[in-house]
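The structure appears below as structure tokens.
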């Protein structure tokens, strides 16, 4: 991303009104993320204060694009710190159910047929 373009995006994230940001604008921002620092700044300064933040955070963590996935995790972190209702993580509150990722990228939720969080569904292959 060019330096001039990055400065424009920085300025836009500072000047935009979170009350006016809708889901379509979230997606336009996501399509324009070209660096981790811009992604983090836009999420922490603007997007986490917008109404679709909880939903987009959960949706984006499941997306394959690395910077969009990062944006989802950045939103989750910002929301958990700033939102007084974060201890619920919106589970059962009409929002998306969040499942904490583990360091290896697997879901911490129990998988079908297993009793422990993050346990594989099948036995490990010999030689691993």
For residue 97, indicate whether it is assigned to a loop (DSSP other than H, G, I, E, B), buried (at least 18 other Cβ atoms within 10 Å of the Cβ) and modelled with pLDDT under 55.
no
Those residues of segment 13-56 that are surrounded by fewer than 17 Cβ atoms within 10 Å (Cβ to Cβ) and more than 18 Å from residue 80 (Cβ to Cβ) come to a total of 17
Do we have residue 119 as at pLDDT 90 or above and surrounded by 11 or more Cβ atoms within 10 Å (Cβ to Cβ) here?
no
Selection over segment 30-72 where residues are in a loop (DSSP other than H, G, I, E, B) and either under 11 Å from the mean Cα position of the chain (by Cα) or in contact (Cβ under 8 Å) with a residue 40 or more places away in the chain (or both) yields a count of 3
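The values are calculated or read from the model by the stated rules, or taken from the named source; none is laboratory data. Everything quoted here is computed from the prediction, not taken from an experiment. Heads up, the Cβs are rebuilt from the backbone with ideal geometry, glycines too, and the neighbour counts pull from every protein chain shown.
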